[in-house]
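The values are calculated or read from the model by the stated rules, or taken from the named source; none is laboratory data. Remember, it's a predicted structure, so these values are computed and weren't measured experimentally. Quick reminder, even Gly has a Cβ in these numbers, built from the backbone with ideal geometry, and neighbours come from all protein chains shown.
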Amino acid sequence: MSLPKDNKDSIPEPTKGLEGIVAADTTLSSVNGEKGILRYCGYNIDDLAFSTTFEETICLLYDNELPNKERLDEMTKNIGEARVLPKEVIEIITELVGKTSPMSTLRTVVSVLGHYEKNVPLKELPPKALRLVGQIATAVAMIHRSRENLPIIEADPTKGHAEDFLKMLHGTDSSKTQVNALNLYLILLADHGFNASTFSARVTAGTLANLHSAITSAVGTLSGPLHGGANEKAMDMIIEVGTKKKASDYIQNAFDTKQKIMGFGHRVYKVDDARKPHLKKMAKKIWEEKNDMKLFEVSEEIEKQVKDRKAIITNVDFYSAPLLYGLDIPTDLFTPLFAMSRIAGWTAHVLEQYRNNRLIRPRARYVGQIDRTFRPIEQR
Ligand code: ACO
């Protein structure tokens, strides 16, 4: 773009979407987009996926170490006890459901929960962050039960996070496969470098605004269809396609009309997303247990039809969709479920930002007109 020569604001060409820009150091997670490797604190996600629990992942992100049994028991108890909401917050949920989306309600809930917390010094912040991890799960379950006019199921702190969430949501016990599937989902989506929502949490924390302000920013950022909102849209597509036979025409039409196909493409991955094979394997298992492979097979066919036409990677949101749907989770709760997992990474990143803070303040290049002649309002 050519700028007026005397434009004093002219600065280097911006990198659109900050692609490739490294904004900070982190010890939490690393994404190797060329090889499709995701690590949490140095551990390959392939090793953690089927051998740990969400609670262990939180310990890892908060402590930078995998827990011993004592630490894990303490973490499980603390998160379990945190799965309660102040009664005023329950009333706000009841007031909002049906009037706005679950994701908007969740954003409001996170913001309101901040009013029930004291400002504490940094060393006392992890328990406060952990409370939010527990509370978000309860809020998501309550949003659903409240809109369905179903009685609220109280949390059982003796249960693991995934199992108790499914109980609070459905009101019934889930199978071992279902609990394992949700646990896997929560582990795999817990952190992912400087994704858009994590970055917005860190920008907010970087001003030394409080934890709940930072997480409110993150929830809002996650909601967009180019980020966390893609899982819901991917499921809508799978349902709309409905049969394997229709996948080819549907995908061809999407490419012809230049639509973005949800669950595909990524800014960092050049090969399939590191989390995809695990989510796909677990989604298959869930539908096998239901003895109904139709939607899973449609998903596989969509993936094939996309890849036959363009070298485009499958991202985390694509197989998250049939996995969550197989757990009888309504599609408009998919992005809140993403938040229920990513809260682990968001809070860990906010803690990391506070520990080594510098205001995050990039510049914009001004490309508008300059030296305009001011005219008072009565002359315009
Ligand atoms: N469907 C069709 N074409 C796509 C898709 C897609 N999902 N994603 C990328 N492309 C194409 C673009 O049209 C573009 O093609 P061109 O070079 O021929 O014009 C090229 O691939 C590059 O795409 P960009 O949009 O420039 O890539 P960017 O890095 O800016 O965007 C994003 C990444 C937003 C994830 C994009 O791939 C997308 O919109 N995907 C669909 C939404 C989605 O699944 N989001 C979830 C991402 S994972 C997460 O946030 C949890």
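Residue-wise test of (1) surrounded by 19 or more Cβ atoms within 10 Å (Cβ to Cβ); (2) in contact (Cβ under 8 Å) with a residue 12 or more places away in the chain; (3) among the aromatic types (Phe, Trp, Tyr); (4) within 24 Å of Asp63 (Cα to Cα).
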position: His144; (1), (2), (3), (4): yes, yes, no, no
position: Glu148; (1), (2), (3), (4): no, no, no, no
position: Ile152; (1), (2), (3), (4): no, yes, no, no
position: Asp173; (1), (2), (3), (4): no, no, no, no
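Going by what's in this entry, would Ile215 be described as surrounded by 15 or more Cβ atoms within 10 Å (Cβ to Cβ), more than 20 Å from Pro102 (Cα to Cα) and either within 13 Å of the ligand (Cβ to nearest atom) or at pLDDT 95 or above (or both)?
Working: surrounded by 15 or more Cβ atoms within 10 Å (Cβ to Cβ): yes; more than 20 Å from Pro102 (Cα to Cα): no; either within 13 Å of the ligand (Cβ to nearest atom) or at pLDDT 95 or above (or both): yes.
It is false that Ile215 is surrounded by 15 or more Cβ atoms within 10 Å (Cβ to Cβ), more than 20 Å from Pro102 (Cα to Cα) and either within 13 Å of the ligand (Cβ to nearest atom) or at pLDDT 95 or above (or both).
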Subset tally (residues that are within 11 Å of Tyr319 (Cα to Cα) and either within 11 Å of the ligand (Cβ to nearest atom) or among the hydrophobic types (A, V, I, L, M, F, W, C) (or both)) for the range 264-285: 7
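Does Gly206 satisfy the condition of being assigned by TED's automatic domain parsing to the domain that holds Pro121 and either crowded, with 18+ Cβ neighbours inside 10 Å or polar (S, T, N, Q) (or both)?
Spelling it out, Gly206 is indeed assigned by TED's automatic domain parsing to the domain that holds Pro121 and either crowded, with 18+ Cβ neighbours inside 10 Å or polar (S, T, N, Q) (or both).
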Would the range 341-349 turn up any residue that is within 16 Å of the ligand (Cβ to nearest atom), among the aliphatic types (A, V, I, L, M) and within 17 Å of Ala230 (Cβ to Cβ)? no
Total residues in the range 189-207, condition touching a helix residue (DSSP H, G or I) at 6+ places or on another chain (Cβ under 6 Å) and either within 14 Å of the ligand (Cβ to nearest atom) or of a type in the set (Lys, Arg) (or both): 8
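Just one of Glu300, Glu240 is closer than 20 Å to Phe334 by Cα and surrounded by 15 or more Cβ atoms within 10 Å (Cβ to Cβ); which is it?
Details: Glu240 fails: surrounded by 15 or more Cβ atoms within 10 Å (Cβ to Cβ).
Within the list Glu300, Glu240, the selection yields Glu300.
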Failed criterion for Arg309 (all others in (1) free of Cβ contacts under 8 Å to residues at least 12 places away in the same chain; (2) within 15 Å of the ligand (Cβ to nearest atom); (3) charged (D, E, K, R) hold): (1)
Residue check, Asp328 against (1) surrounded by 22 or more Cβ atoms within 10 Å (Cβ to Cβ); (2) more than 16 Å from the chain's Cα centre (by Cα); (3) more than 11 Å from the ligand (Cβ to nearest atom), all met but one. Which one? (1)
Can you name every residue in the range 291-347 that is under 14 Å from Met262 (Cα atoms) and among the β-branched types (Val, Ile, Thr)? Ile302, Val306, Ile312, Ile313, Thr314, Val316, Thr331, Thr335
